[in-house]
Amino acid sequence: MRGLLSVILVVAAAVGLSACGGDKAAEQRNAYADQVNRAQNDFAQSFKSLSKRITRTTTPGRGRKTLQGFEDAVDNVVVDLRRIDAPSDLQPLHRRLIGEIAGYGRAIHRAKVAFATGSPQRILRAQSALVSSTTEISTRINRTIAAINRRLQAKT
């Protein structure tokens, strides 16, 4: 699961914005980008740490605990992102980003349920489905982040 969310929002260049006379909207956009970056970085660190717990010899019980950790990390970043006050023109994209990241939680929950069965076949299918789901979700998140970045850059 390493690198599931390896995106960084572009922060508008402070030098360019200060030349515009300390624009309040620019300050809000910079604050927004900083807050989203911070939430994403915390999320990425959690995923990186949890990913180290998954090996070929991971037991179903250990796998469930690790998946719970992933699910908790997703829940935490969703809460963090919901607390961010996005500029009005970015609110639809911000809501979309939150929904897409929440999709990780749903995919992880499905895998956790399969791990709970203890069935090797179900666990293998769940692992494969989780990889596919997270790849698709990551692609959507990357597109949303790119759209947010384009909108942020257009205002600089």
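The values are calculated or read from the model by the stated rules, or taken from the named source; none is laboratory data. Since this is a predicted model, take the numbers as computed values, not measurements. Cβ sites come from the backbone with ideal geometry, for glycine too, and all protein chains shown count toward neighbours. These area figures cover heavy atoms from the full protein model, side chains too; ligands, DNA and RNA do not enter into them. Shrake-Rupley method; radii C 1.70, N 1.55, O 1.52, S 1.80 Å.
Looking at (1) surrounded by 19 or more Cβ atoms within 10 Å (Cβ to Cβ); (2) assigned to a helix (DSSP H, G or I), which one does GLN68 not meet, given that it meets all the others?
(1)
Scan region 94-118 for residues that are over 19 Å from ASP75 (Cα atoms) and either modelled with pLDDT of 90 or more or open to solvent by 30 Å² or more (accessible area, probe 1.4 Å) (or both) and jot them down. Break it down stepwise before answering.
Filtering region 94-118 for residues over 19 Å from ASP75 (Cα atoms) gives 114-118.
Answer for region 94-118, where residues must be over 19 Å from ASP75 (Cα atoms) and either modelled with pLDDT of 90 or more or open to solvent by 30 Å² or more (accessible area, probe 1.4 Å) (or both): ALA116, THR117, GLY118.
Could you say whether any residue in region 71-93 is more than 15 Å from ALA39 (Cα to Cα), among the hydroxyl-bearing types (Ser, Thr, Tyr) and modelled with pLDDT of 90 or more?
yes
If you go through region 122-149 one residue at a time, how many are more than 15 Å from LYS112 (Cα to Cα), in contact (Cβ under 8 Å) with a residue 12 or more places away in the chain and either open to solvent by 80 Å² or more (accessible area, probe 1.4 Å) or polar (S, T, N, Q) (or both)?
5
Just give me the residues in region 45-55 being in contact (Cβ under 8 Å) with a residue 40 or more places away in the chain and crowded, with 17+ Cβ neighbours inside 10 Å, in sequence order.
Within region 45-55, the subset in contact (Cβ under 8 Å) with a residue 40 or more places away in the chain is 47-48, 50-51, 54.
Result: PHE47, LEU50.
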